[in-house]
């Protein structure tokens with residue numbers, strides 16, 4: 001069973017248990033453009049959160065520590081992301097898929113999935129529902145802070161509409177390098193970790 005199908009099954013089970021439908025999640029407030037921007041933001045935060053879980057895994061799990069070639073690959077990727085002035089959901093999904101398919105091992109992916117699911121369970125127990133992103137992407141993952149922790153921040157109604165409006169209008173927007181956002185702090189910490197692993201030298 002592929003990773004995608006596996007995650008889709010997880011989401012269906014979560015949605016069934018919580019009686020939440022995709023249509024209901026997608027219609028939670030805002031104009032169509034703002035909702036579309038919010039959906040894309042969820043994908044961007046998914047990427048940041050995934051990178052955070054990789055950071056946690058490599059720093060805390062010696063058997064799953066990133067190899068030197070993996071560090072070089074990821075450092076190239078995160079530097080590209082940091083230089084992207086307008087990050088989009090499709091770009092974020094492309095990076096995430098590339099890391100899953102081309103960079104991490106099966107054991108590493110399994111561990112990051114476990115971190116993600118555990119975080120979602122804790123988040124659902126406090127919030128009472130899975131994130132819209134998890135439902136829309138067909139993933140067991142929920143968007144939020146890229147720290148590998150359970151204190152995640154999703155692109156829900158608390159997201160400033162002004163930021164979403166700028167993005168919806170085609171303006172520059174990259175939440176992973178936006179000062180003040182928790183996911184930005186985590187993203188920059190991951191870059192620092194990777195650079196430290198390489199001695200601060202370009203890949």
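Any read-out appearing in this document is the output of simple, stated calculations on the displayed coordinates, not a laboratory observation. For clarity, every value in this text was computed on a predicted model and none was experimentally measured. For neighbour counting, all protein chains shown are included, and Cβ atoms are generated from backbone atoms with ideal geometry for every residue, glycine included.
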No solvent, one uniform scatterer per C-alpha: report log10 I(q)/I(0) for the range 31-129 via the Debye equation at q = 0.12, 0.14, 0.21 1/Å, two decimals. -0.45, -0.60, -1.15
Counting only backbone N atoms under 17 Å from a point 7 Å out along Cα-to-Cβ of residue 188, the residues of the range 28-62 in range are 48-49, 52
Per-pair calculated FRET efficiency, R0 = 45 Å: residue 64 and residue 86 via Cβ, rounded to 0.05: 0.85
